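Only the coordinates and a few stated rules stand behind these numbers; no lab work does. Remember, it's a predicted structure, so these values are computed and weren't measured experimentally. Methodologically, a virtual Cβ is constructed for each residue, glycine included, from the backbone with ideal geometry; neighbour enumeration extends over all protein chains shown.
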Amino acid sequence: MKLLRLAWYSLLNRRSAVALTVVTIAFSIGLLVMVEQLRQEVRQGFYRSVSGVDLIVGARTAPIQLLLYSVFGIGSATNNIDWQTFKELEALPEVDWAVPMALGDSHQGYRVMGTTQAFFDSFKVGDQEPLVIARGKDKAALFTDLFDVVIGAQVARKLGYQLGDAIVLSHGTGRVSLQAHDALPFKVAAILEPTGTPIDQQLYVSLSAHRAIHVGWESGMQRPGSGLDPQEARARADELEPETLTAIFLGLKTRAAVFGLQRRVNEYRVEPLSAIIPGIALQELWRISGLAEQILRVVAALVVVTGLLGMLTVLLTTLNERRREMAILRANGARPQQIATLLVAEAGLIAFAGIVLGVVLAYVAQWMAAPILLDRLGIFLSLSWPEAWQLGVLGLIWLAGLLVALIPATLAYRRTLADGMQVRS
């Protein structure tokens, strides 16, 4: 304890240089912790988006492509699914609920999804949390009018929409579209609570409305005079059944039926289909993106090494200046081993302070950024205590700081012995 107290007062005597060293190590540790935490949170965010879905069914394609365009709005479908196929899948005894998805339209760059009431009743996000209406109609009353539109929290915030505002959808998924469905405007009926998933950045209309705005459209263009007016569309709402869908979300009564139903869908003879298990498809996605994650980890590790080298530089540059201090310690009975241990103890205190401050900085930065990222980008960040292996890594970094200090400690030991021999001679 006396040695640690002496090391503490020695560091206080050089507090300016020590503070800069601690801050350098803290920033490097903070970067390392943030990279790891953000990596895990992004993965968890992907899982949050499909936490309640057992199978995703789409036209025959690669599993990752189906996952990306159906859940995250990245890319496009290779083909569509026949509406009758959805009816057959929905009627299977293993299926608890089925949510159809019809894509192909947008509004100011945000994706529009045609679906049914089952999406709001059965779809879950996060830890099996249901979708919540923040403002507007109750879930049971959604789509009571053919041209009701439900918007995600991000869409409402970014575009400044309120309940009752009129919205015109555009044909196609690009931010700029020359083909607008301006003859059939929609009205904002409800706004969803933020979920931290792609749901926040989408608009939702009924399948009947999605079909109504596409009556008379062929190859991305509308035939002149072939569309419906709002009154006619409402009168024919019960007849406006979709011909095709983009994808289907399935929730099963028991997880044990997942693999069997997946095989049956993949072998469906009427049309070529792909059925994917979201968790397995995400694992494949992580394998593809693993290289980028490893690069980030290496960069963060190199920054930590730079911080430790900075500490080594400070200890070495102050070694000559402290020669008189060490001579006084020797005169008061300190042995060379004790002086060397003193330097190691100082390095241990510096590294420990840098690690603690770095973890605090990382969590403060995440705490401050969490509401901004959720509000601006729809990315959900949760503050969680580091896992055991992460604490182990921080412990190894502290041990690395001690090992780095062995270099100046060895030099101090040799110089102290040499100075002692000169005094005796």
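3J(HN,Hα) along the range 253-262: 5, 9, 5, 5, 8, 4, 5, x, 5, 4 Hz, from the Karplus curve 6.51 cos²θ - 1.76 cosθ + 1.60 with θ = phi - 60°, whole Hz, x for Gly and Pro. Rounded to the nearest whole Hz, the Karplus-based 3J(HN,Hα) values (6.51 cos²θ - 1.76 cosθ + 1.60, θ = phi - 60°) of the range 78-95 follow the sequence 6, 6, 10, 10, 5, 4, 5, 4, 4, 4, 5, 5, 4, 7, 5, x, 6, 8, with x at glycine and proline. Charge dipole of the range 55-276 (Cα centre as origin; +1 on each Lys and Arg Cβ, -1 on each Asp and Glu Cβ, all else neutral): 480 debye, rounded to the nearest 20. Rounded to 0.05, the FRET efficiency of the Q117 and R414 pair, given R0 = 60 Å and the Cβ-Cβ distance, is 0.15. By the rule of a C-alpha distance below 28 Å, with chain neighbours fewer than 8 residues away ignored, the lysines paired with K158 are K124, K137, K139, K187. The string of couplings for the range 98-113 from the Karplus curve (6.51, -1.76, 1.60, θ = phi - 60°) is 9, 10, x, 9, 10, 10, x, 10, 8, 9, 6, x, 9, 6, 9, 10 Hz, one whole number per residue in order, with x for Gly and Pro. Between Q128 and L402, the modelled labels are 4.5 nm apart [label points 7 Å from Cα along Cα→Cβ]. Once backbone amide H atoms are built at 1.01 Å from N, T78 has no partners under 5 Å, excluding neighbours fewer than 5 places away on the same chain.
Were the residues from V299 through D229 laid out at 0.36 nm apart, the gain over their Cα-Cα distance would be 19.3 nm.
Proximity of backbone amide H atoms, modeled 1.01 Å from N, is registered between S206 and T115 at under 5 Å, excluding neighbours fewer than 5 places apart on the same chain.
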